[in-house]
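Following: one structure in structure tokens, then a few remarks.
The values are calculated or read from the model by the stated rules, or taken from the named source; none is laboratory data. Remember, predicted model here, so these are calculated numbers, not experimental data. In this analysis, Cβ positions are derived from the backbone assuming ideal geometry, glycine residues included, and neighbour counts consider all displayed protein chains. Protein only, heavy atoms only, side chains kept; ligands, DNA and RNA dropped before computing areas. Shrake-Rupley method; radii C 1.70, N 1.55, O 1.52, S 1.80 Å.
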Amino acid sequence: PTPREQVECGPCQVAVPRTCLGLHETRTVPCHTPFEFSCGLPCGVSLDCGNHSCELQCHALPPPSAPRNKNCRQCARKCRRPRHPPCKHRCPRPCHSDECPRCEVVVTRPCHCLSALLIHMPCWETHDEERLNELRSCGQKCIKLLQPSAATAASTGPTAASGCTHRCEEVCHAGACPGSDGPCTRITSGKCPCGRIKKPMECSVAHRAGGAPVACDEECERQR
């Protein structure tokens, strides 16, 4: 008998389903196709930062007992989350999902009385207005002049005090100075036109526009 000729089988062409490494899609491919393949799509698994997903091309996933993103390239971005106003500084942490830490960048603010003194403080302490007002007090006597407000000047017209040189006596503070919303009531000397006669009177009266607060007498006339 003629010996049987041995014939080698070709690759199996039976169509079978195959799922890509990253479990994105299932394709029908010939049976001889390698079992593992990459579909070429981005991995898409959520990273530890909680904000981004893996951008690597479809790759093998870890076993179910391990974290799903174990084989992924973790996020290397910097945090870009906007801070609470008025802070404009960037968070120093890498990209993260929890709250950003309070901003420790040192900033400067002028004191309330606007002297040359600058107050240094961490940025986060400027976010609370009440706390900021406390920090911005230099602890020295306020140097602001007691000038009438625009409303007082408008209401008193030409009689508004214009030569007041008195300063606030409060410790450096926020807001308007006590007594600055009306005529100055500090006691000063009012002079006659020639300057010989001086009388104690309220500052607003001594500096009233429209004439001297004290009239000259006969002695003033003789000395002219």
Quiz item: Can you list the residues, at least 5 places off or on another chain, whose amide H is less than 5 Å from the amide H of residue 190, using H built in the peptide plane?
Solution: 199, 201
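Arranged from highest to lowest average of other beta-carbon atoms within 10 Å per residue, in what order do the peptides 163-174, 60-71 appear?
Numbers: 163-174: 15.4, 60-71: 11.2.
Taking the mean over residues of other Cβ atoms within 10 Å, the ranking is 163-174, 60-71.
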Quiz prompt | In Hz, Karplus ³J(HN,Hα) per residue of the stretch 217-224 (6.51, -1.76, 1.60; θ = phi - 60°; x = Gly, Pro) | solution = 10, 5, 4, 4, 5, 5, 7, 6
Exercise. Tell me the label-point distance for the pair residue 9, residue 198, using the 7 Å Cα-to-Cβ offset, in nm and rounded to one decimal.
Key: 12.4
Self-check item: Dipole in debye (nearest 20) - the chain, about Cα centre, beta carbon charges: Lys, Arg +1; Asp, Glu -1
Solution: 520
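Would you mind getting the accessible area per residue of the stretch 17-97, heavy atoms of the protein chains only, 1.4 Å probe, in Å²?
Numbers: 5620 Å² over 81 residues.
Accessible area per residue, the stretch 17-97: 69 Å².
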Quiz prompt | Mean Cβ neighbour count within 10 Å, used as a protection proxy, ranking 176-182, 78-84 highest first | solution = 176-182, 78-84
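Just the number, please: carbon plus sulfur as a percent of the accessible area of the chain, 1.4 Å probe, no ligands or DNA/RNA counted. If you can, show how the numbers build up before the last one.
Details: 8210 of 15490 Å².
Whole-percent figure for carbon plus sulfur exposure: 53.
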Quiz prompt | Inter-probe distance in nm under a simple model that places probes 7 Å from Cα toward Cβ, at residue 176 and residue 132 | solution = 2.1
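Could you order the peptides 11-17, 46-52 from most to least packed, using the average number of other C-beta atoms within 10 Å per residue?
Working: 11-17: 9.6, 46-52: 15.1.
For the peptides 11-17, 46-52, the packing ranking is 46-52, 11-17.
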Quiz item: Among rounded, prolate and oblate, which fits the chain when a ≥ b ≥ c are the square roots of the eigenvalues of its C-alpha gyration tensor, a/c under 1.5 means rounded, and a/b larger than b/c means prolate?
Solution: prolate
Self-check item: Karplus-derived HN-Hα couplings along the stretch 122-131 (A = 6.51, B = -1.76, C = 1.60, θ = phi - 60°), whole Hz, x at Gly and Pro
Solution: x, 3, 4, 6, 8, 7, 9, 4, 5, 5
